Amino acid sequence: MTIEWYPGHMGKAHIKISELIRTVDVIIEVLDARLPASSSNHMLTELRRNKPCVKVLNKNDLADPAVTKAWVRVFEQQGGVRALPLSAKQHREVHQLPKLCLRLAPTRGKPGRPLRAMVVGIPNVGKSTLINTLAGKCLAKVGDKPAITTTARQIDLHNGIVLTDTPGLLWPDMSDQVAAYRLATSGAIGAGALDYTNVGLFAAEFMMQRYPELLNNRYQLTGAAESATAVLEQVGRRLGCLVAGGGIDLHRAAEAFLRELRAGKLGRVSFEEPGPVSAEDRTGTPGR
């Protein structure tokens, strides 16, 4: 099944963001730390041009730490870009962000000259949670479904920074279907645009290849689980996704598996890497 998802409000959001982006000093692009490339909207990169940018790698607590270190190095080789892994729910981690923004725009953030920052990103990546944590109260709607925020709004943090919150924005042409399936696995694609069984099979195949030990530890798979379908069948049996006669409801099994994977119940997982992860990233010490 080909995944395509571009609700009507996203076209309007693209126009609005392209207008507002000229008036801001710093772009805060919120990415999913588990899939930083697939969750980065190339249209936003084009709109940003040479504006300073903080790439927030949100859901860092769910991502493979070694892979995240490698992604930070990749992003910080880009001009005018800083990368900040964090969990948007953690106040201590999030409060590093205003300081970093002020360093990127040192002439702003003063009386009469607030730093104007725009928060951008794809749906369901945690923009609203980040804003609420920065503000210290619930200002933006939060949900576990994509496309909760549908209009832009400004928020004064009363610390010299004014934020513009924007709707989650994908791109109209999802020609890279591997990236689309990664996004669907993470929960960034609306449920009506995907087939849970196909996405569950994609995710199971990935876990078999990249994190087999986490898969086995969670579900105690037997030797019969030699294919993605067999994995989902065993997951479905362990999670009670049964039909009359004791068969497996593969659709329900895929849904349950994706819920657990997204929630981090299998462990810390990254769905893509920037390249070979070095020994330095794996251990925290230089490799040989």
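The values are calculated or read from the model by the stated rules, or taken from the named source; none is laboratory data. As the structure is a computational prediction, the values presented were derived from the model and not from experiment. Reconstructed Cβ throughout: ideal geometry from the backbone, glycine too, with neighbour counts over all protein chains shown. Each accessible area value is taken on the protein alone, full model and side chains, heavy atoms only, with ligands, DNA and RNA left out. Shrake-Rupley method; radii C 1.70, N 1.55, O 1.52, S 1.80 Å.
Miscellaneous remarks
- Label separation (residue 244 vs residue 42): 5.0 nm, computed from points 7 Å beyond Cα along the C-beta direction.
- At most 16 other Cβ within 10 Å, DSSP loop - GluC sites (Glu not before Pro), the range 192-277: 226
- Principal semi-axes in Å for the range 10-113 [√(5λ), Cα gyration tensor, largest first]: 22, 18, 13
- Projected label points at residue 177 and residue 251, each 7 Å from Cα along the beta carbon direction, are separated by 2.1 nanometres.
- Residue-averaged 222 nm ellipticity for the chain, from DSSP H runs of 4+ at -39500 (n - 2.57), nearest 500: -11500 deg cm²/dmol
- The mean of 1/r over all pairs of different alpha-carbon atoms in the chain, once inverted, gives a Kirkwood hydrodynamic radius of 20.0 Å.
- The portion of the accessible surface of the chain made up by carbon and sulfur, rounded to a whole percent, is 51 (1.4 Å probe; DNA, RNA and ligands excluded).
- Taking all protein chains as they are arranged and a probe of 1.4 Å, the heavy atoms of residue 110 leave approximately 100 Å² accessible to solvent.
- Where labels lie 7 Å past Cα in the beta-carbon direction, separation of residue 156 and residue 78 in nm: 3.2
- Annotation: extensible slack from residue 191 through residue 69 equals 40.8 nm (criterion: 0.36 nm per residue apart, minus Cα-Cα distance).
- Relative contact order of the chain: 22 percent, from C-alpha pairs under 8 Å at least 6 residues apart in sequence.
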